[in-house]
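Some notes on the structure that comes next.
The values are calculated or read from the model by the stated rules, or taken from the named source; none is laboratory data. What you are looking at is a predicted structure, and each value in this text was computed from that prediction instead of being measured. Methodologically, a virtual Cβ is constructed for each residue, glycine included, from the backbone with ideal geometry; neighbour enumeration extends over all protein chains shown.
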Amino acid sequence: MAISLTESQHFETIIIGAGMAGLAAGIRLALAGKEVLILERHNASGGLNSFYSIEGRKYDVGLHALTNYVPKGTKGSPLNKLLRQLRIPYDALDLCQQHGSRIAFPDRQIRFDNDFALLESEIERSFPDQMDGFRALTTEIRELDAFDLGAAPSSARAAVQQHIKDPLLEDMLFCPVMYYGSAEEHDMDYLQFAIMFRSLFFEGFARPFDGVRVIIRLLQDKYRSLGGQRKMKCGVQCIHTEGSRATAVTLDNGTTLTADSILSTAGAVETTRLCEDQKADAQAENVGQLGYAETITVLDRQPADFGWDDTIIFFNTRDRFSYSRVDADLIDPTSGVICFPNNYDYGDRQLDEGFLRITAMANHDRWCALGEDDYRQEKEHWYGELQKVALNILPAGKLPLDAHRVAKDMFTPRTVRKFTGHLNGAIYGAPGKSRAGRTHLDNVYLAGTDQGFLGIVGAMLSGISMANLHVLQGS
């Protein structure tokens, strides 16, 4: 339902961004009877996890898998906790478990699924001398208070190296965790590593049959049913301040609204730069540097028909895995993620077409410097290069894939910046997170990517947690 905003209209809380964190925060506040408004610059909800249509065909972006999967009723799990907080029934997500995934390096493969015992057995097979250390590491991760909002950052590499002495196993454990949740080059915060390790390996992967739009629709419908207000194509141009507090926001169309508190999912640096009391280049040292590109190929048959049964493959083709900014070219094809959305346990259902998605790190500045003709040509070139890499990793990988392709698309860091506003197109935002969600202003708070809980479940938990901590407990 479209709403009209008038000059000086007041809300208890304004939420910037209609992504997973913003929608979840809006629901939580609306459940508590707060008058809340969500503002979104674009015409679609979901933020980093959304979808788009080309010629009637829907493409998911962001969602390879919903991590943190656990069966219905599992006590103490992030997934069931957030569903209780949002009062959304578990079955409404229509979650289907992965078939199985793997980490693929030149000389070693490690398989895993939603049963942690498989990962343990694979490591015992491939790295028998590291099992005592691996068990000690996983025990430590299970017992760690990874959601301690006041904890100081510490090196995940250093913590893991206390237990894992083989650099290859270390790299293989970091590859999926970093690709699914690190804004930092080479290393990451240990608590963030622990959160991601749990979500990938202790819990697992699942997917709604109809993809990310199932989750977006659930959140939108719940928020709307509670009387929450949402304005699309309505970005925030400026946050006005007085002393240590925000007083109002001015929208892209010039309208000014007042609010008691503001919850921003725009990112730490991006939010700071919206504030009128800050310089245009504030927090330059904390701008995210890691961009990604992804190709999406639509096939006229199921991936399993080619012998491709994996759900997700995290790959690296070098001797050592390097997770860092791409400087020398537009894309670094030597590591990345291969995803087959078809390869989940859908029961007697199956997607009508086959999908192959390949993600790799990319250079934002180089992509944005291209003219339109060169941009299209480079997308075509790198689409082909990433297919070659994938086909060298996949079983029977020399098949004539072109003969079975019915459609394709590709997004780059330039696309990400356009539709999310993230500086440098950095999907995981700033390397320096604000775990407590605080900013330099007393009534402006962060949720989502730069608060530090990543993934779809993490983003929703972030929105809920920050709404509870800063708005509801403080009211």
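Among the criteria (1) surrounded by fewer than 19 Cβ atoms within 10 Å (Cβ to Cβ); (2) under 25 Å from residue 41 (Cα atoms); (3) β-branched (Val, Ile, Thr), the one residue 317 does not fulfil is (2). The conditions of being at pLDDT 95 or above, more than 23 Å from the chain's Cα centre (by Cα), in the same structural domain as residue 192 (by TED's automatic domain parsing) and of a type in the set (A, V, I, L, M) are met by residue 169.
In the range 151-160, the condition of being part of a loop (DSSP other than H, G, I, E, B), more than 21 Å from residue 339 (Cβ to Cβ) and touching a strand residue (DSSP E or B) at 6+ places or on another chain (Cβ under 6 Å) is met by at least one residue.
For the range 220-238, does any single residue satisfy the condition of being over 17 Å from residue 80 (Cα atoms) and among the β-branched types (Val, Ile, Thr)? Scanning the range 220-238 turns up at least one residue that is over 17 Å from residue 80 (Cα atoms) and among the β-branched types (Val, Ile, Thr).
Quick grid of which residues meet (1) under 18 Å from the mean Cα position of the chain (by Cα); (2) at pLDDT 95 or above:
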| residue | (1), (2) |
| --- | --- |
| 8 | no, no |
| 52 | yes, no |
| 63 | yes, no |
| 105 | no, yes |
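Of the residues making up the range 282-308, those that are closer than 30 Å to residue 403 by Cα and crowded, with 17+ Cβ neighbours inside 10 Å are 292, 293, 294, 295, 296, 297, 298, 299, 302, 303, 306, 308. Would you confirm, using the coordinates I've provided, whether residue 429 is surrounded by fewer than 17 Cβ atoms within 10 Å (Cβ to Cβ), of a type in the set (Gly, Ala, Ser) and either in contact with a His (Cβ under 7 Å, 6 or more places away or on another chain) or assigned to a helix (DSSP H, G or I) (or both)? Taking the combined requirement at face value, the residue does not satisfy it.
Count of the range 164-186 residues, restricted to those that are surrounded by fewer than 18 Cβ atoms within 10 Å (Cβ to Cβ) and assigned to a loop (DSSP other than H, G, I, E, B), is 4. Scanning the range 20-66 for residues that are in a loop (DSSP other than H, G, I, E, B) and among the hydroxyl-bearing types (Ser, Thr, Tyr) yields a count of 1.
All of 47, 56 fail the test of being buried (at least 22 other Cβ atoms within 10 Å of the Cβ) and modelled with pLDDT under 95, apart from 47. Mind checking whether some residue in the range 330-339 is of a type in the set (D, E, K, R) and more than 14 Å from residue 303 (Cα to Cα)? Taking every residue of the range 330-339 in turn, at least one turns out to be of a type in the set (D, E, K, R) and more than 14 Å from residue 303 (Cα to Cα). Considering the range 456-475, the residues that are small (Gly, Ala, Ser) and touching a helix residue (DSSP H, G or I) at 6+ places or on another chain (Cβ under 6 Å) include one that is farthest from residue 260 (Cα to Cα), namely 459.
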